[in-house]
Structure formats: C-alpha cells, structure tokens
Ligand SMILES: Nc1nc2c(ncn2[C@@H]2O[C@H](COP(=O)(O)OP(=O)(O)O)[C@@H](O)[C@H]2O)c(=O)[nH]1
Ligand SMILES: [Mg+2]
C-alpha cells in the first residue's frame, strides 16, 4: 500500500558556494546575466525562467518601503486618482459614499469588504462629526487597517525542526520563484534550508528548482520519476537525517476544479504527516494578485481541501487589483505571510498591514 514510498532514481544536489564553477545558460527571458555557478553533477540543467531569483540586480538598491510603493503603484494610481477627486473637498454626503463604494469595488475589494469598509467609515464620520470630504482619507485608511490587520501574522519557523512548509497554487502563480526567494530569506535568518521538487508533472519544473538550488547552495531533493508524495516523503526524511531547519515542498500547479489533482495534493499532505506526524507546519497558497476576485475563490477552495495556514500574494506590481487583500480579509481571512512586488529576490517580504496601506495611499 505504500508503493509510493519506494525509492526511485534520485537526483540530489548538495553543492555549496565553494564548489567549482562553470557557466550554464539558465535563462530564457531578456537581459540574462551570466554568473558563476556551482558545478552541476546531474542532471543537465534545463533553461528555465528563474533568473529573476538567481540574478543579483545591478540597479541601485531601493529600500523595501520604496519597492513596496513602486510595486503598489498601479493600485495606488488607480485608487489615488479616483480618491483624489472624492477627497478633494466639499461636503460628505450620500453621493460621496456612492462614489467611494465604486472606487473600492474598482480596486477589487469585493462587495462584502466594501460594505464593511463603508460602514466603518460612516461610523467614524459620525463619531467625530466630520463634515469635510478631505477628512475622509484618514477614516478610510483606519477602516482598511482594521480590516486587514488580522492578516498580518508573520511566519515563525521555530521551534519545529524541520519546519515543513508545503506550497500550493494554480499554474504560474509564482510558487517556484517564491520558494527560491523564501529559501534565501530563511537562509539569511541562519536557517538551513532544503527544497523538495514536488512538481513532478513537468521535468522542466523539477529542473527549475534543482538548477536554482545549485546556483544558490541550497539542497534540493528531486526524483526523476515518481509522484509528489514520494518526493515529499523522501525530502522530509532527508531533512531529519541532515538536521535541516526548514524544508519547502514545491508542488505542481492545479485548479481547484481539477478534483483528481486536488486529491493528489491532499495525498502529499497526508504522506508528509506520515513522515512527520507534527507536519506540515505550514500549508501555503500562492496567489497571483492579478487574479482579482478569483483569488478569493482560490483561497476558499484550497483552504477547504488542505486547511491553509498562510498565503503568499505575488505580482502586486503588475496589477491595480491590490485591494483584493481586503476581500480576502473579509471572506476567508487566511494570514498573508508574504507579499511579492517584483521579480528580484528582495521583492518578497513579510506582509505588514500598515506599510501596505501607507504604500497604497501616500
Ligand atoms: N512581476 C512579478 N512577477 C512575479 C512575481 N512572482 C513571480 N513572478 C513571475 O511569475 C512567473 C511564474 O512563476 P513560477 O514561480 O514559475 O510559477 P509557478 O507555476 O506557480 O511555480 C515567473 O515568470 C515569475 O518571475 C512577482 O511578485 N512580481
Ligand atoms: Mg512551479
């Protein structure tokens, strides 16, 4: 019955930065920069679009606040343009609330969050006896903070050892690149990280992680055949044997409507539990902010199937739909652990509600 535990041919990389270097093409997209890489034993690397994680950027380093502001520029521009007109001056009246409602819906906050926010703003207005529209901005910021603050629950990876983090999501949401960024993030905190290449549907997906691991001195467990559950099982055992602190399990992209694939990822979780009854310690859904309201449906469906403990909201830089975070807070408040505002390694950071709102409004 445990046939998926059987050992399959295994590819494993444990190179460190001190390994001899060779040059290998690993990028398809514009502006790839050749850079030193550890020698690659096996298998041959396949070009994959992971350079955004692996490439150090030569641009002057911006602070996180600046990158967050730049990343949220599209949402801010759209929200700000619309709000500027509203908050410009004049009386607070029903027409104004009507327009505010439209603006919030346009920013993809969803009907439920918009209703909550409007009520909260109205309460603040009457409590403080506000009359002038220019005073509304602060009231709206406060209402929004109250709504999304509960989502701010930073991921803590101690004291569990290994801390097992499983990643799920639809195709192209940014799972694998976020895993690369997270591996670096945890390493910088002094944790020893191991990655499990659990996207076994496409060989290229496995290679994407393997190559990235080799380039960055992060151990990767991969199998040339076999299913994601088997890879995860082996990886958890390897992490225990090696005393790793954090293990991140990548998985193939899937839509919640693909029921057999949802069953498959539930099996990955069950098998992780067999390898370590205390795990997985985090089941994280990666969602593309461009998805807008559909992101909420994804959160609900994956949460129902897997019991999510955290979210990563990626690609906020590419969308004016940054308000979706309010919809999530209202409709399925799973903690937002990290947000992604760009393609470089530094563009994924823990979610801080106040910073997010300041970047949206100021
Ligand atoms: N602009 C932008 N692109 C991102 C972000 N996160 C991921 N991506 C890109 O999204 C694409 C798909 O990412 P990938 O990790 O392969 O998705 P997966 O299928 O979920 O594993 C890649 O081109 C990434 O560079 C982000 O925060 N901002
Ligand atoms: Mg992937």
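The values are calculated or read from the model by the stated rules, or taken from the named source; none is laboratory data. As the structure is a computational prediction, the values presented were derived from the model and not from experiment. Quick reminder, even Gly has a Cβ in these numbers, built from the backbone with ideal geometry, and neighbours come from all protein chains shown.
Check the stretch 305-324 and report whether any residue there is part of a helix (DSSP H, G or I), touching a residue at least 40 places away in the same chain (Cβ under 8 Å) and within 16 Å of ligand 2 (Cβ to nearest atom).
Within the stretch 305-324, not a single residue is part of a helix (DSSP H, G or I), touching a residue at least 40 places away in the same chain (Cβ under 8 Å) and within 16 Å of ligand 2 (Cβ to nearest atom).
List, please: which pairs have Cβ atoms under 6 Å, are six or more places apart or on different chains, and start with a residue in the stretch 247-260 that is more than 30 Å from residue 187 (Cα to Cα) and part of a loop (DSSP other than H, G, I, E, B) and end with one that is within 12 Å of ligand 1 (Cβ to nearest atom) and modelled with pLDDT of 95 or more?
What qualifies is 255/170.
Please state which one of 194, 155 is within 26 Å of residue 237 (Cβ to Cβ), surrounded by 23 or more Cβ atoms within 10 Å (Cβ to Cβ) and in contact with a strand residue (DSSP E or B) (Cβ under 8 Å, 6 or more places away or on another chain).
194
Counting residues that are free of Cβ contacts under 8 Å to residues at least 12 places away in the same chain, which helices (runs of 4 or more DSSP H) fully inside the stretch 80-159 reach at least 3?
94-106, 110-128
Looking at 106, 114, 65 in this structure, which one is at pLDDT 85 or above, under 29 Å from the mean Cα position of the chain (by Cα) and surrounded by fewer than 14 Cβ atoms within 10 Å (Cβ to Cβ)?
Of 106, 114, 65, the one residue that is at pLDDT 85 or above, under 29 Å from the mean Cα position of the chain (by Cα) and surrounded by fewer than 14 Cβ atoms within 10 Å (Cβ to Cβ) is 65.
Would you confirm, using the coordinates I've provided, whether residue 165 is away from ligand 2 (no atom under 12 Å from the Cβ) and surrounded by fewer than 16 Cβ atoms within 10 Å (Cβ to Cβ)?
Criteria not met by residue 165.
Could you count how many residues in the stretch 162-205 are in contact (Cβ under 8 Å) with a residue 60 or more places away in the chain, part of a strand (DSSP E or B) and within 14 Å of ligand 1 (Cβ to nearest atom)?
Total satisfying the criteria: 3.
Within 16 Å of ligand 1 (Cβ to nearest atom) and either outside any strand (DSSP E or B) or without any contact (Cβ under 8 Å) to a residue 12 or more places away in the chain (or both): which single residue out of 268, 272 fits that description?
Going through 268, 272 in turn, just one is within 16 Å of ligand 1 (Cβ to nearest atom) and either outside any strand (DSSP E or B) or without any contact (Cβ under 8 Å) to a residue 12 or more places away in the chain (or both): 268.
If you go through the stretch 300-342, how many residues are within 12 Å of the chain's Cα centre (by Cα) and within 16 Å of ligand 1 (Cβ to nearest atom)?
Matching residues across the stretch 300-342 total 14.
Looking at (1) within 13 Å of ligand 1 (Cβ to nearest atom); (2) within 23 Å of residue 258 (Cβ to Cβ); (3) surrounded by fewer than 24 Cβ atoms within 10 Å (Cβ to Cβ), can you tell me which one residue 223 breaks?
(1)
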